[in-house]
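Encoded as structure tokens, the structure appears first; notes follow it.
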């Protein structure tokens, strides 16, 4: 095994150590606050938090009724962030999300064009059923996600940080949809899959949602504090063997790579690109900081591997015919690669 100690120049300062302790405490309080209105979904809350503090975007996949919209809005509420929800439909145009010029009457009687900001100008944007929008509208959202700016009526406007896009897809209803191209899927740091709650959780959901109104949550962080924590996450040290592991894991998803296992080649058409390595490392850094660790560990990479790689591994028809999903392929790769490091 390679040396697992980070180099001296990447060691955290005393101030950073204290800041990580504070971030861990804030994260614990965040989970406690969300638990007042959200039943279960512990992994989902963790992965949403990782995306926020790693400056990444997330694609939420789940059937209707799993509190995706409620969860996202409550996360924004606890962090004193501006939240907007965009319901994507086949007739949605780019200007409907970016905004456009409107002719307004001025105080002096003159009429001038004034730019009216669209719902994308928020800190947390919920793009509901993003695959229902036509490609041109998806492209406008893609620019906002990748460049943190929008172009409308010849103007380029910068989005105010922090900026997080959480998009949802309904996996059971595909009629009248425009599937997201692989290039756009790659812009999402995580694919977060939500499953049905357990029986006990479902009973608790019935109790909490059929009684009095849901409570208002405490504000835990300001936008400025979030930006500071995002900068802190980037400074979390990563041992050399973790970088090696992340790169090796991603390279093994590519069927034409010499390191790809023989069992994978007939199952995968396209593997993950270099952005997956970046997101593995950033996700591991954010997870380590949220859990109060002062250095990225192998288990941090392993925990974020599935949400980072699943939507970046494109399976073949043979895999689909055998009922083998990308998630299963990633799980097996993680298990096998772990034994080689």
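Below is a table of values for the structure above.
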{"quantity": "Any hit, the range 103-122, residues being surrounded by 14 or more Cβ atoms within 10 Å (Cβ to Cβ), in contact (Cβ under 8 Å) with a residue 60 or more places away in the chain and under 22 Å from residue 219 (Cβ atoms)", "calculated": "no"}
{"quantity": "Complete set of residues in the range 241-270 that are touching a strand residue (DSSP E or B) at 6+ places or on another chain (Cβ under 9 Å), farther than 19 Å from residue 321 by Cα and touching a residue at least 40 places away in the same chain (Cβ under 8 Å)", "calculated": "253"}
{"quantity": "Only one of 140, 144, 183 that is in a helix (DSSP H, G or I), out of contact with any helix residue (DSSP H, G or I) (no Cβ under 7 Å at 6 or more places or on another chain) and over 20 Å from residue 52 (Cα atoms)", "calculated": "183"}
{"quantity": "Residue count for the range 76-96, restricted to those that are closer than 22 Å to residue 170 by Cα, touching a helix residue (DSSP H, G or I) at 6+ places or on another chain (Cβ under 6 Å) and in a helix (DSSP H, G or I)", "calculated": "1"}
{"quantity": "Positions within the range 31-69 being in contact (Cβ under 8 Å) with a residue 24 or more places away in the chain, in a helix (DSSP H, G or I), farther than 23 Å from residue 281 by Cβ and touching a helix residue (DSSP H, G or I) at 6+ places or on another chain (Cβ under 9 Å), in sequence order", "calculated": "33, 34, 68"}
{"quantity": "Residue check, residue 88 touching a strand residue (DSSP E or B) at 6+ places or on another chain (Cβ under 7 Å), at negative phi, buried (at least 21 other Cβ atoms within 10 Å of the Cβ) and modelled with pLDDT under 90", "calculated": "yes"}
{"quantity": "Filter pass, residue 335 being surrounded by fewer than 23 Cβ atoms within 10 Å (Cβ to Cβ) and farther than 25 Å from residue 179 by Cβ", "calculated": "yes"}
{"quantity": "Single condition residue 204 does not satisfy, out of (1) assigned to a strand (DSSP E or B); (2) at pLDDT 80 or above; (3) out of contact with any helix residue (DSSP H, G or I) (no Cβ under 7 Å at 6 or more places or on another chain)", "calculated": "(1)"}
{"quantity": "Those helices (runs of 4 or more DSSP H) lying entirely in the range 243-341 with at least 2 residues over 21 Å from the mean Cα position of the chain (by Cα)", "calculated": "317-321, 326-340"}
{"quantity": "Residue check for residue 237: surrounded by fewer than 22 Cβ atoms within 10 Å (Cβ to Cβ), over 30 Å from residue 79 (Cβ atoms) and in contact (Cβ under 8 Å) with a residue 12 or more places away in the chain", "calculated": "no"}
{"quantity": "Residue under evaluation residue 39, criteria (1) at pLDDT below 90; (2) closer than 19 Å to residue 196 by Cβ; (3) in contact with a strand residue (DSSP E or B) (Cβ under 6 Å, 6 or more places away or on another chain), criterion not met", "calculated": "(3)"}
{"quantity": "Criterion violated by residue 158 - all others in (1) modelled with pLDDT under 85; (2) touching a strand residue (DSSP E or B) at 6+ places or on another chain (Cβ under 9 Å) satisfied", "calculated": "(1)"}
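The values are calculated or read from the model by the stated rules, or taken from the named source; none is laboratory data. What you are looking at is a predicted structure, and each value in this text was computed from that prediction instead of being measured. Backbone-built Cβ (ideal geometry, glycine too); neighbour counts: all protein chains shown.
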